[in-house]
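The values are calculated or read from the model by the stated rules, or taken from the named source; none is laboratory data. Remember, predicted model here, so these are calculated numbers, not experimental data. Reconstructed Cβ throughout: ideal geometry from the backbone, glycine too, with neighbour counts over all protein chains shown. With ligands, DNA and RNA removed, areas are computed over all heavy atoms of the protein, side chains included. Shrake-Rupley method; radii C 1.70, N 1.55, O 1.52, S 1.80 Å.
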Amino acid sequence: MRPFGLENEKITVNEIEQLKIDSLKKVSQLKDTIKIFPFNPNFITDYKGYTLGMSVKEIDRLHAFRKQEKFVNSKEEFQEVTLVSDSLLYIISPYFKFPDWVKSNKQYKLKSPLKKSTINKFAVIKDINVVTAEELKTINGIGDKLSVRIIKFRDRLGGFLLNEQLYDVYGLDVKVADRTLEKFKVFQPPQIEKININLASAQEIAELVYISYGIANKIIEYRELNGSIKSFDELTEVDDFPSEKLDRIALYLSL
């Protein structure tokens with residue numbers, strides 16, 4: 001028997017609230033069925049976005065943003081670009097893994113020019129690919145160990161292709177790297193022979209500074225499982241792949 005007065009009463013549902021509920025249910029199912037590993041949200045592929053619960057439009061917005069050579073540096077920027085819901089952002093943002101320069105609050109953009117105000121107009125800027133350890137020690141914050149480490153890292157690379165690769169030197173503080181790039185920059189990047197990611201062996205892939213032999217093996221396993229790698233973004237699907245350095249790694253690869 002129904003309570004008095006409710007026989008003909010219609011129940012109305014707030015559409016906005018219902019959408020939020022549906023979104024939460026979808027995200028909850030995602031969390032229960034898919035194990036999410038830390039990843040750089042700048043390199044989300046179509047497949048990755050789908051598994052995370054993003055819509056096609058949300059993924060397309062991110063890809064359009066990235067085609068402008070721009071990067072999102074926080075979960076807030078990610079939502080601003082993609083327009084994902086608060087509920088989805090709440091679930092996936094703890095897995096966002098941004099590069100170290102983002103964590104140190106340094107505003108950085110690939111191939112961005114240095115601010116003119118930071119460069120002494122009377123200073124002579126030298127090519128960082130020919131600079132010596134002694135010259136590096138003229139930078140405040142670089143001593144015997146760091147100067148040698150920079151030279152060794154440069155040699156392993158075969159020469160710096162981008163100024164920003166200096167930030168990858170282990171133990172080199174971001175501010176010290178900034179000061180270094182005021183005096184030394186890449187003027188003549190080396191000619192390199194790119195590695196075909198679909199043909200190379202694990203040993204050949206592991207010759208890259210940024211990739212360990214273990215990760216190289218995982219790349220081979222992924223390639224064999226999927227037939228071939230059609231996009232560098234696919235590499236972010238490989239477990240433990242350093243996706244935050246994909247922009248550098250891709251410089252040394254071909255498909």
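Some observations on this one:
- Every condition in (1) closer than 14 Å to L255 by Cα; (2) surrounded by 16 or more Cβ atoms within 10 Å (Cβ to Cβ) is met by F241 except one, and the failing one is (1).
- Residues in region 37-59 that are at pLDDT 85 or above and open to solvent by 80 Å² or more (accessible area, probe 1.4 Å): V56, K57.
- Verdict on L235 being open to solvent by less than 20 Å² (accessible area, probe 1.4 Å) and modelled with pLDDT under 90: yes
- Pairing each residue of region 171-197 that is without any contact (Cβ under 8 Å) to a residue 24 or more places away in the chain with any residue that is of a type in the set (S, T, Y) and open to solvent by less than 60 Å² (accessible area, probe 1.4 Å), provided the two are 6+ apart or on different chains, yields C-beta distances under 8 Å for A177/Y167.
- Matching residues, region 69-100, being of a type in the set (D, E, K, R) and part of a helix (DSSP H, G or I): K75, E76, E77, E80, D86, D100
- When region 145-187 is filtered for residues that are open to solvent by 20 Å² or more (accessible area, probe 1.4 Å), of a type outside the set (A, V, I, L, M, F, W, C) and outside any helix (DSSP H, G or I), the ones remaining, listed by number, are G158, Y170, G171, D173, K185.
- Among the residues of region 188-238, the one identified as touching a strand residue (DSSP E or B) at 6+ places or on another chain (Cβ under 7 Å), within 23 Å of G49 (Cβ to Cβ) and outside any helix (DSSP H, G or I) is I197.
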